[in-house]
Each structure stands twice: as C-alpha cells, then as structure tokens.
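Novice: Below is one structure. I have some questions about it.
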Amino acid sequence: MKYYSIGKFAKIIGKSEQTLRNWDKEGRLKPHHVTPSGYRYYSQEQVNHFLGMSNTKPKDRKTIGYCRVSSHKQKDDLERQIENGVCQ
C-alpha cells in the first residue's frame with residue numbers, strides 16, 4: 001500500500017497541512033498512522049475516499065459504443081470494428 005506524508009496528501013486533496021492537523025485533533029480525518037516521531041501518513045485508500053474514487057470496479061459494468069460509417073469507403077473500417085468486438 002502507498003502512503004503519503006501530510007504535505008503530499010494536503011497537496012493531492014487541495015487542503016493545507018494545518019487543516020489536516022486540525023482535522024486530526026477534531027477527529028474528522030485521522031491519518032492512517034503516525035510514526036513515533038510524530039509524522040503523519042495517509043494511505044492511498046484515504047486519498048481515494050476523500051476524492052470520491054472507488055477502489056473497486058463494478059463487475060457488471062457494460063460499455064456501449066456507437067459505430068457508423070458515413071460513406072461506402074468506410075465500410076471496411078466498420079467491418080474491422082465489428083471483428084474486434086468494438087461494434088456489435
């Protein structure tokens with residue numbers, strides 16, 4: 001797992017280091033771990049959570065593509081896309 005220092009984490013999420021220290025004191029956002037010397041480290045999961053990113057991809061997600069040709073010359077392109085599974 002990847003960990004970020006307080007400075008790097010603050011930069012990624014667009015907040016100041018002091019804001020993160022205040023949030024830690026208030027219990028709003030605790031670092032993943034604090035070293036014995038007091039350095040705060042945040043995990044990649046915390047970055048993802050804060051930015052609203054999911055760690056998992058839906059298994060039943062489908063991608064739908066729209067394929068068309070505007071001239072007879074492009075018919076070969078369409079057939080190649082169908083063969084490659086781009087269009088169905």
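Novice: Would you check which residues across the range 31-72 are modelled with pLDDT of 75 or more and of a type in the set (Lys, Arg) and list them?
Specialist: Arg40
Novice: Let me ask something else. Is there a residue in the range 9-30 that is in contact (Cβ under 8 Å) with a residue 24 or more places away in the chain, over 17 Å from Met53 (Cβ atoms) and of a type outside the set (A, V, I, L, M, F, W, C)?
Specialist: Scanning the range 9-30 turns up no residue that is in contact (Cβ under 8 Å) with a residue 24 or more places away in the chain, over 17 Å from Met53 (Cβ atoms) and of a type outside the set (A, V, I, L, M, F, W, C).
Novice: Would it be correct to say that Lys8 is outside the structural domain of Ile82 (by TED's automatic domain parsing), at pLDDT 95 or above, out of contact with any Ser or Thr (no Cβ under 7 Å at 6 or more places or on another chain) and surrounded by fewer than 10 Cβ atoms within 10 Å (Cβ to Cβ)?
Specialist: No.
Novice: Among the residues of the range 12-22 satisfying the criterion of being modelled with pLDDT of 95 or more and in a helix (DSSP H, G or I), which is surrounded by the most Cβ atoms within 10 Å (Cβ to Cβ)?
Specialist: Once the filter is applied, the top-ranked residue is Leu20.
Novice: Across the range 23-55, what is the number of residues that are crowded, with 16+ Cβ neighbours inside 10 Å and part of a loop (DSSP other than H, G, I, E, B)?
Specialist: Qualifying residue count, the range 23-55: 2.
The values are calculated or read from the model by the stated rules, or taken from the named source; none is laboratory data. Please read all numbers here as calculations on a predicted model, not as lab measurements. Because the Cβ atoms are built from the backbone with ideal geometry, glycine has one as well, and the counts that use them run over all protein chains shown.
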